[in-house]
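Note sheet for the following structure.
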Amino acid sequence: MKLGRVVGNVVATRKDERLVGHKLLVIQVLRPEAGRQFTAADEKDGFVVAVDLVGAGLGETVLFCSGSSARASAAEGASPIDAAIVGIIDDIDVNLEAR
Amino acid sequence: MKLGRVVGNVVATRKDERLVGHKLLVIQVLRPEAGRQFTAADEKDGFVVAVDLVGAGLGETVLFCSGSSARASAAEGASPIDAAIVGIIDDIDVNLEAR
Amino acid sequence: MKLGRVVGNVVATRKDERLVGHKLLVIQVLRPEAGRQFTAADEKDGFVVAVDLVGAGLGETVLFCSGSSARASAAEGASPIDAAIVGIIDDIDVNLEAR
Amino acid sequence: MKLGRVVGNVVATRKDERLVGHKLLVIQVLRPEAGRQFTAADEKDGFVVAVDLVGAGLGETVLFCSGSSARASAAEGASPIDAAIVGIIDDIDVNLEAR
Amino acid sequence: MKLGRVVGNVVATRKDERLVGHKLLVIQVLRPEAGRQFTAADEKDGFVVAVDLVGAGLGETVLFCSGSSARASAAEGASPIDAAIVGIIDDIDVNLEAR
């Protein structure tokens, strides 16, 4: 899984019917720094559109999964989903010097 | 899922029979900027050829999925498809300062 | 799917028996430019070894898929295949200014 | 699989119920150098949040897997897991000049 | 599939039981150059730990697969394996000017 921040949403009227009913949120991928800080990723891959399985809101730090884990978790059967928000981060503690 | 723009199409007469009947579109990956702007990705990975599940046209901003989500959504059984357009973006709102 | 050019082949006498009978081709990933031009990718990820499902030859521009789509398309059951050539490109038209 | 070091943990009270009971650890991806040395990855992709299947602790060097391998290993049925720690490294020996 | 060179091995006494009996080798990803030459990848992603399905030895040039192809090939049922060596390269011929 990866960490990210919810930075927006997308509206798509014409879409695969299996996406109907799913909230589509734009996530900016974050990388953890020491302690409780994050740096926003700046690369192209720094953004993902994910369905929301946990009721995340704009600005929240979230945990999301990708690939078949997102597909299988978000819906039964074939679904055109490859990213899903699966947790809202309350706290993180990172110690890059840990040995 | 990722955001992209339809920038072209490919013609392949000789192809796996399971691709017959699928429109193959070239997508340039986009990264969202603040508000409703996008920047075109400039990397090699900035282009994908996807099948079209929603009737997308040249120049439209689309949502596409990758991997097994695309494979399972585009066809039943084994299919040689790893990217599929699954939505046409009407609107996007991104606030990179959201907390 | 991605676009690539067949630039070579590999010979492996000792290999998983589920690869026997598959032609293994080296593909250089291409990124489309405006019109019908391509630029060869220069990164490490710019090369893939793929099985050939469509009879591709050296120097041809091809469409290939990756991951479980390649695995499922190339063989029934478990196969150690994660990339497969699934089309030979006759024509491509890209307009990066399309809106 | 990849090598990494456990550098922290995340707390998520609101999460997909299929994550309940799993310890969520932050892993910094490592790349091996000659002998028994490692360099910490510095890229955005240098961090992953993984569930722990082997009782890993802060500072330990671990082996983790990604994608459907992590999903299928960590739980039966659909699970929103795409990374899992599956080994604790006792020793590594790398010889970059090996021919 | 990708090309790589076996540059080492890892020892993990504590590991998921489904890894027991598998040899874990460190692979440095290679990119082919013209003719029969290779360049070692220098990126973080330039190293993978793979199980060995073909009896590869230190210094050998190998073919490896990733993701569900490796998982399904290496073992029946759920296995925490996302990379597997599936061939030993005897010869490679690359012509980057092929058209």
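The values are calculated or read from the model by the stated rules, or taken from the named source; none is laboratory data. Values in this document were obtained by computation on a predicted structure and should not be read as measured data. FYI the Cβ positions are ideal-geometry reconstructions off the backbone, even for glycines, and counts take in every protein chain you see. Note: areas computed on protein heavy atoms with side chains; ligands, DNA, RNA excluded. Shrake-Rupley method; radii C 1.70, N 1.55, O 1.52, S 1.80 Å.
Values computed for the structure shown
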{"item": "Segment C:46-78: number of residues that are more than 28 Å from B:GLU76 (Cα to Cα) and out of contact with any helix residue (DSSP H, G or I) (no Cβ under 7 Å at 6 or more places or on another chain)", "result": "5"}
{"item": "Segment E:78-91: number of residues that are open to solvent by 10 Å² or more (accessible area, probe 1.4 Å) and either touching a Pro at 6+ places or on another chain (Cβ under 6 Å) or not in a strand (DSSP E or B) (or both)", "result": "4"}
{"item": "E:VAL62 more than 7 Å from every other protein chain (Cβ to nearest Cβ), free of Cβ contacts under 8 Å to residues at least 40 places away in the same chain and among the hydrophobic types (A, V, I, L, M, F, W, C)", "result": "no"}
{"item": "Residue pairs meeting the criteria (Cβ under 6 Å; at least 6 apart or on separate chains; first facing chain E (nearest Cβ under 7 Å), in segment D:71-94; second buried (at least 21 other Cβ atoms within 10 Å of the Cβ) and part of a helix (DSSP H, G or I))", "result": "D:ALA84/D:ALA70; D:ALA84/D:SER73; D:ALA84/D:ALA74"}
{"item": "Matching residues, segment E:13-55, being within 12 Å of chain D (Cβ to nearest Cβ), open to solvent by 10 Å² or more (accessible area, probe 1.4 Å), among the hydrophobic types (A, V, I, L, M, F, W, C) and not in a strand (DSSP E or B)", "result": "E:VAL20"}
{"item": "Some residue of segment B:58-73 being in contact with a Gly (Cβ under 9 Å, 6 or more places away or on another chain), in a loop (DSSP other than H, G, I, E, B), of a type in the set (S, T, N, Q) and open to solvent by 10 Å² or more (accessible area, probe 1.4 Å)", "result": "no"}
{"item": "Residues (at the interface with chain A (Cβ under 10 Å from one of its Cβ atoms) and either touching a residue at least 24 places away in the same chain (Cβ under 8 Å) or in a strand (DSSP E or B) (or both)) located in segment D:1-12", "result": "D:ARG5, D:VAL6, D:VAL7, D:GLY8, D:ASN9, D:VAL10, D:VAL11"}
